[in-house]
Amino acid sequence: MNKKMVQILVEAGAVKKVRIVADGAAIHVEIVTNTGANTATTLAGSIKSWATIDAAAKWVRALGLGTAQLELANWQPGQKGLNLS
């Protein structure tokens, strides 16, 4: 679900919950609607990820959302990411 699709859902009031999930060195955003949870993606279709939690929070805030759940159980702040692309 890319940014444009998420923006449409936000404007329609269909977003029930937003989760910022930190897992290892990667951070991504999940958008929860009545149909289930969807991970934010890029226009190319890959999972959109951020290097910092505040960058992900700024993206969520730019969509017009003021509340997000933060999941840190698997976060390793000092871990280096492996660039496979």
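The values are calculated or read from the model by the stated rules, or taken from the named source; none is laboratory data. All values derive from a computational prediction rather than experimental measurement. So basically every Cβ, Gly included, is an ideal-geometry build from the backbone, and we count neighbours across all protein chains shown. When the accessible area is computed, the model is the full protein with side chains, heavy atoms only, and any ligands, DNA or RNA have been set aside. Shrake-Rupley method; radii C 1.70, N 1.55, O 1.52, S 1.80 Å.
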**OP:** State whether the residues of the stretch 51-60 include one that is out of contact with any Phe, Trp or Tyr (no Cβ under 9 Å at 6 or more places or on another chain) and touching a residue at least 40 places away in the same chain (Cβ under 8 Å).
**Re:** yes
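For the stretch 33-56: of the residues being open to solvent by less than 40 Å² (accessible area, probe 1.4 Å) and either part of a loop (DSSP other than H, G, I, E, B) or not hydroxyl-bearing (Ser, Thr, Tyr) (or both), which is farthest from Lys4 (Cα to Cα)?
Of the stretch 33-56, the ones open to solvent by less than 40 Å² (accessible area, probe 1.4 Å) are 33, 36, 40-41, 50, 53, 55-56.
Cutting the leftovers down to either part of a loop (DSSP other than H, G, I, E, B) or not hydroxyl-bearing (Ser, Thr, Tyr) (or both) gives us 36, 40, 50, 53, 55-56.
Values: Gly36: 18, Ala40: 10, Trp50: 18, Ile53: 21, Ala55: 18, Ala56: 16 Å.
Ranking the qualifying residues of the stretch 33-56, first place goes to Ile53.
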**OP:** Looking only at the stretch 25-58, count how many residues are in contact with a helix residue (DSSP H, G or I) (Cβ under 7 Å, 6 or more places away or on another chain) and farther than 19 Å from Ile8 by Cβ.
**Re:** 2
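Any idea which residue in the stretch 18-32 is most open to solvent (accessible area, probe 1.4 Å), counting only those that are of a type in the set (Gly, Ala, Ser) and not in a loop (DSSP other than H, G, I, E, B)?
Taking the stretch 18-32 as the starting set, the residues that turn out to be of a type in the set (Gly, Ala, Ser) are 22, 24-26.
Pick out the ones that are also not in a loop (DSSP other than H, G, I, E, B) and you get 22, 24, 26.
Values: Ala22: 3, Gly24: 11, Ala26: 48 Å².
Applying the filter and picking the extreme gives Ala26.
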**OP:** Looking only at the stretch 65-85, count how many residues are assigned to a loop (DSSP other than H, G, I, E, B), surrounded by 10 or more Cβ atoms within 10 Å (Cβ to Cβ) and at pLDDT 90 or above.
**Re:** 2
Original post:
Is there a residue being loosely packed, with under 11 Cβ neighbours inside 10 Å and part of a loop (DSSP other than H, G, I, E, B) anywhere in the stretch 3-17?
Top reply: yes
